[in-house]
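Below is one structure, written out as structure tokens; comments come after it.
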Amino acid sequence: MLLLVIPAFGLVLYGHLEQRRIEAARVREAATAMSQLAAANQENFIKNSRELLATLSDIRFLVLATDRSFCQTHFSNLRKILPDYVNFGLIEMNGMVFCNAEPTNRLVNLNDRPYFQRVVQTREFATGDFQVGRLTSQPALNFAYPMLNEKKQLTHVLYASLKLSLLSEAAAKILLPAGGTVMVLDRNGNVLACHPAYNL
């Protein structure tokens, strides 16, 4: 007669390893779901900003204005209506700000800003990188939209600066497992949002 003996320790060890494998798979699934949710939140901000700028581009009396103070007044009012944004403005093709929601008497050139350069190169909606605004001195994520004339020539770049804190607020709404962290990075690896913040 053949007697097969399996030590109890082997059974316990196998059971423990199997439990750990199942838990690890659950953690991976949860992490994937959370990263997809975080990405969806960010995509929502981009989509909303694109739609907002597209709508503004159709308000011809504003985006084709030649009176700087008139344009600035309307952008300033727009910022009051849409407090998620720290600034709105129009940039001329040489990079000089024609008008914006932030009152200023100084000349400001934004031709080095990635969102401006991307619109000039592609003549399409563009997302910028993390930056502290030259006019507002606040951290923001900028979005830009091409303004074309009847001949389809690029005449101005319309832009909106989204409050960076909104990304952190959205990240904070994601339920994390114990010790988990959600982080949003831009294309250069800059941290745009992190929750919990103390993990930064």
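The values are calculated or read from the model by the stated rules, or taken from the named source; none is laboratory data. Bear in mind the structure is a predicted one, so any value in this text is a computation, not a measurement. A quick note on method: Cβ atoms are made from the backbone with ideal geometry, for glycine too, and the neighbour counts reach across all protein chains shown.
A few remarks follow.
For (1) among the aliphatic types (A, V, I, L, M); (2) within 28 Å of F70 (Cα to Cα); (3) surrounded by fewer than 21 Cβ atoms within 10 Å (Cβ to Cβ); (4) at pLDDT below 85, each residue gets a yes or a no:
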residue	(1), (2), (3), (4)
V97	yes, yes, no, no
V108	yes, yes, yes, no
V119	yes, yes, no, no
P139	no, yes, yes, yes
K173	no, no, yes, yes
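- Residues in the stretch 39-76 that are within 23 Å of the chain's Cα centre (by Cα), within 17 Å of P103 (Cα to Cα) and either of a type outside the set (G, A, S) or surrounded by 18 or more Cβ atoms within 10 Å (Cβ to Cβ) (or both): F75 only.
- Some residue of the stretch 69-86 being hydroxyl-bearing (S, T, Y) and closer than 19 Å to V120 by Cβ: no
- Lone unmet requirement of (1) β-branched (V, I, T); (2) assigned to a loop (DSSP other than H, G, I, E, B); (3) not assigned by TED's automatic domain parsing to the domain that holds L158 for T55: (2)
- When the test is whether a residue is in contact with a Lys or Arg (Cβ under 8 Å, 6 or more places away or on another chain), assigned by TED's automatic domain parsing to the domain that holds R134 and modelled with pLDDT under 90, V86 does not pass it.
- Cβ-Cβ distances below 7 Å connect the following pairs, each with a first residue in the stretch 80-104 that is among the polar types (S, T, N, Q), a second residue that is part of a loop (DSSP other than H, G, I, E, B), and a separation of six or more residues or different chains: N87/A101; N87/E102; N87/G133; N87/L135; N87/T136; N94/N111; N100/L135; T104/L135.
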